[in-house]
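Nothing in this text is a laboratory measurement; each read-out follows from the coordinates by a stated rule. Every value quoted in this text rests on a predicted model; they were computed, and no experiment measured them. Don't worry about glycine lacking a Cβ; one is built from the backbone with ideal geometry, like all the others, and counts go over all protein chains shown.
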Amino acid sequence: MNIIFLEAVQDYGGARISTVELAQRLSEKHNVKMLDFYGSCKAFVEDIEIRNISLEVIEQRDKPYIINTSKSLPLKLINYFLFVPHWWKMRKETIKRIKRLEPDFVIINNFKVLSALMFFPAKNFKTLFFARGWFIPAQISTIESKMLKKWIDNYLCVSQATKNALFAGGFASLENLYVVPNAINETKISKEKAKISKGPNTTVILHAGGFLKDKGQLVSLEAAKILKERGVDFKLLLVGIIYKGGESEIFYNQVKQIIARDNLENYVEIVLNKPNVISYFNTADILIHPSETEGLPRVIMEAMILKKPVIANAVGGVTDYILNGFTGFLPHHNSSLEYVKYIEALINNKELYEQISSNAYNLVSETYTEQNQLESLFRVFES
């Protein structure tokens, strides 16, 4: 079977890592090709090479072509106008390469690459959209909705929540929606621990996510402020990347200002742009994840397999992982006080800590396996 993963990778975060891992698993028995627009993300390209996955770059660039670099509507319109010739050239080259490779399936995960497949001449493959976000209707524009309904054959939904959202939004029938969850292999996880400045009894709280408002760093900082006021011995790690495009850097600077304003410098440590952050999971005691929207967050799965309790907003596929009070905790949305309540409960009750950790570990180790993921995907291939 010939399978193409069509990508336009800008930053190498959890969703992209999961895609590469899946490509590697498939490549053991099938012909798999990674076809990337620009090859501009060094961490992505290096990981592809390490995993010995075949990669083709359509147009090598040092930086990706990003349209939304300004909040100004006139500048956005100018950027879109200037992008059209480039898009047309990329589309022609993409079609040319796909025809040469003769795939059975082309797997995509964003609208930029989907636009290159529209009106594909003499199309003889199936287009599979790997829906890695939540995909509630409010997150999808009218144009994107029309693209999905017109050009996608089947959906690979990363969680039950994503599947339900796509169906509720009228994007596809249930027959075309398949759940293909993330997978994790405990034996392949590094045991290395990151070195951080802390005391012998300090509780290390990890927040892992790129620097965007929707990722919840402001909630975590508010929780840190409360913990500090209560005299809790803790260290909060904000581990994430600054995304390309400008908005992320602005938010990152806001985060630094809040840390300084609330005198949290001794309680909060920022770890920037590390492509592999598992050593910080090994160092941490608790993961908090106050995100606004999620498909099936990889960071929660990683924390659970390492027996680190998770406290997270009940958004998207988070509830596939967490049964409140059994495999983790689901505070009221963005309630820093409830995050603090559960953090203190885990610090003060070791039996509760072990119980939650064990239940969560059993869930991911038995359910989110490589074999289960591949079997779910093969059902799509056979449909």
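Taking the chain as a Gaussian network, Cα atoms linked when under 10 Å apart, which of Ser197, Ser40, Ser115 shows the biggest mean-square fluctuation?
Residue with maximal mean-square fluctuation among Ser197, Ser40, Ser115: Ser197.
Specify whether the C-alpha gyration tensor of the chain places it in the rounded, prolate or oblate class, a ≥ b ≥ c being the square roots of the eigenvalues: rounded for a/c under 1.5, otherwise prolate if a/b is larger than b/c and oblate if not. Write out the running numbers ahead of the final one.
Numbers: a/c = 1.87, a/b = 1.52, b/c = 1.23.
Prolate, since a/c reaches 1.5 and a/b exceeds b/c.
Calculate how steeply helix 14-27 sits against the longest principal axis of the alpha-carbon atoms of the chain, using the helix alpha-carbon long axis, and give the answer as 0 to 90 degrees to the nearest 10.
The angle comes out near 50 degrees.
Based on Cβ point charges of +1 for Lys and Arg and -1 for Asp and Glu, what charge dipole magnitude is obtained for segment 187-367 about its Cα centre, in debye rounded to the nearest 20? Intermediate results must be reported in sequence, preceding the final value.
On the way: 20 positive and 20 negative charges, 104 e Å.
So the magnitude is around 500 debye.
Grab the beta carbon distance between Leu272 and Glu175, set R0 = 41 Å, and tell me the FRET efficiency rounded to 0.05.
Numbers: r = 44 Å, r/R0 = 1.07.
The computed FRET efficiency comes out at 0.40.
Okay, helix-only estimate at 222 nm for the chain: each DSSP H run of n ≥ 4 adds -39500 (n - 2.57), divide by all residues, round to 500 deg cm²/dmol; what do you get?
On the way: 14 runs with 165 residues, N = 383.
Value at 222 nm, helices only: -13500 deg cm²/dmol.
Please find, in a Gaussian network model of the chain (springs between Cα atoms separated by less than 10 Å), the residue of Leu166, Leu174, Leu218 whose mean-square fluctuation is greatest.
Maximum fluctuation in the GNM of the chain, among the listed residues, is at Leu174.
Given the peptides 286-299, 46-59, arrange them by the average over their residues of other C-beta atoms within 10 Å, most packed first. Present the calculation step by step, with values, prior to reporting the outcome.
Values: 286-299: 24.6, 46-59: 14.9.
Those peptides, ordered most packed to least, come out 286-299, 46-59.
Step through the table entries Lys33/Lys126; Lys33/Lys150; Lys42/Lys92; Lys198/Lys341, compare each Cα-Cα distance with 18 Å, and write down the pairs that go over it.
On the way: Lys33/Lys126 15 Å; Lys33/Lys150 25 Å; Lys42/Lys92 25 Å; Lys198/Lys341 22 Å.
Result: Lys33/Lys150; Lys42/Lys92; Lys198/Lys341 exceed 18 Å.
Among Glu370, Glu229, Glu354, whose mean-square fluctuation peaks in a Gaussian network model of the chain (Cα, cutoff 10 Å)?
With Cα springs under 10 Å in the chain, the top fluctuation among Glu370, Glu229, Glu354 is at Glu229.
For segment 187-367, what does the alpha-carbon gyration tensor say about shape, rounded, prolate or oblate, given a ≥ b ≥ c as the root eigenvalues, a/c under 1.5 as rounded, and a/b over b/c as prolate? Display every interim value, and only then the final one.
Working: a/c = 1.37, a/b = 1.22, b/c = 1.13.
Because its axes are fairly even, with a/c under 1.5, segment 187-367 counts as rounded.
Once you list every other residue whose beta carbon is under 14 Å from the beta carbon of Phe167, what net charge do they have if Lys and Arg are +1 and Asp and Glu are -1?
Working: positive: Lys149, Lys163; negative: Glu175.
After counting each charged neighbour, the total is +1.
Can you give the angle from 0 to 90° between the axis of helix 370-381 and the longest principal axis of the chain, with both taken from C-alpha atoms, to the nearest 10?
Taking Cα atoms only, the helix is inclined about 30 degrees.
Tell me which of Ala168, Ile288, Val315 sits at the most positive position along the dipole axis of the chain, charges placed on C-beta atoms (Lys, Arg +1; Asp, Glu -1).
Final value for the positive-end residue is Ala168.
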